[in-house]
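Below: the structure, in structure tokens.
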Amino acid sequence: MKDLLLIICSERRSLFKGTMICFLMIFPFTFLPPILRKGFSLTTILERFNESTLYALGFALLIVIAAVIHNYNSLVEKKWIYEKSAFKCLDFYGRLNGMGSINRELETFLLGEIDGYFFRLGIQDPESEKPHLEIIPFIDRNDKKAEVRTLKKEHDFRQGFFFGKFIPLKKLDLEDPDCLRILLEEYSGIFKKLGFEPLDFELEEE
């Protein structure tokens, strides 16, 4: 409950914007029933105005509340996973993305360095039956087309919104404190072998 209140307080501006946008999208459609029954006229609009305002505002609030609850549940699921030994022993820093946005879901992820390379670790679809770990390396891919193809073909990296790799959580023993460290050390070794330079990155604890 404390985390839910924190989300509401910290995101109050974006929640207000989201409510207003939903209201403006819904409001015109609330006039359709009386217009279809009585025809379009100023009298019909005025008679329906107060009722339409309440309907639109109510639906807008329901949509925003549902979005907040979804965000909260997602963050809770991710927090529970990040408490596993495999993540805790990495000693990575936690970060929060999507603050202040009305069209992006709040996202928690971890940032840290292994053998000279920085990685971003995030949990995708934590509430689904098949959650995934997203591993995003901070590497310089300029003039590395052949090497990138090698990462894609031989190590299952792929280009999405970010360049990285997805691993089903069920394939990882998150209770093993060395599980993720060994995996990231393996990837760091591959990047070195292929000649990828690490991107400059300043990691500061918030």
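The values are calculated or read from the model by the stated rules, or taken from the named source; none is laboratory data. Computed from a predicted structure; not experimentally measured. Note that each Cβ is placed from the backbone with ideal geometry, even for glycine, and that neighbours are counted across all protein chains shown. When the accessible area is computed, the model is the full protein with side chains, heavy atoms only, and any ligands, DNA or RNA have been set aside. Shrake-Rupley method; radii C 1.70, N 1.55, O 1.52, S 1.80 Å.
When the helices of the chain are scored as -39500 (n - 2.57) per DSSP H run of n ≥ 4 and the total is divided over every residue, the value at 222 nm lands at -16500 deg cm²/dmol. What Kirkwood Rh does the chain have if only Cα atoms enter the pairwise 1/r average? Answer in Å. Computed over the chain, the radius equals 20.3 Å.
Protein-only accessible surface at a 1.4 angstrom probe places the residues ILE136, ILE26 in the order ILE26, ILE136, largest first. Positive-end ranking of LEU57, PRO33, SER14 along the dipole of the stretch 1-80, with charges on Cβ about the Cα centre, is headed by SER14. Amide H contacts for PHE118 (H built 1.01 Å from N in the peptide plane; partners 5 or more residues away or on another chain; cut-off under 5 Å): PHE138, LEU199.
Can you give the FRET efficiency for ARG149 and SER85, using 1/(1 + (r/R0)^6), R0 = 35 Å, r = Cβ-Cβ distance, to the nearest 0.05? Plugging the Cβ-Cβ distance into 1/(1 + (r/R0)^6) gives 0.50. Axis of helix 42-82 versus longest Cα principal axis of the chain: the two differ by about 20°, to the nearest ten degrees.
The charge dipole of the stretch 1-80, taken about its Cα centre with unit charges on the Cβ of Lys, Arg, Asp and Glu (plus for the first two, minus for the last two), comes to roughly 100 debye. Placing a pseudo-label 7 Å from each Cα along the Cα-to-Cβ vector at ASP178 and LEU32 gives an inter-label distance of 6.2 nm. Residues in the stretch 21-32 carry Karplus couplings, in order, of 5, 4, 4, 5, 6, 7, 3, x, 6, 6, 8, 4 Hz; the curve used is 6.51 cos²θ - 1.76 cosθ + 1.60 with θ = phi - 60°, and Gly or Pro positions show x. Computed from Cα atoms, the angle from the helix 179-194 axis to the main principal axis of the chain rounds to 70 degrees.
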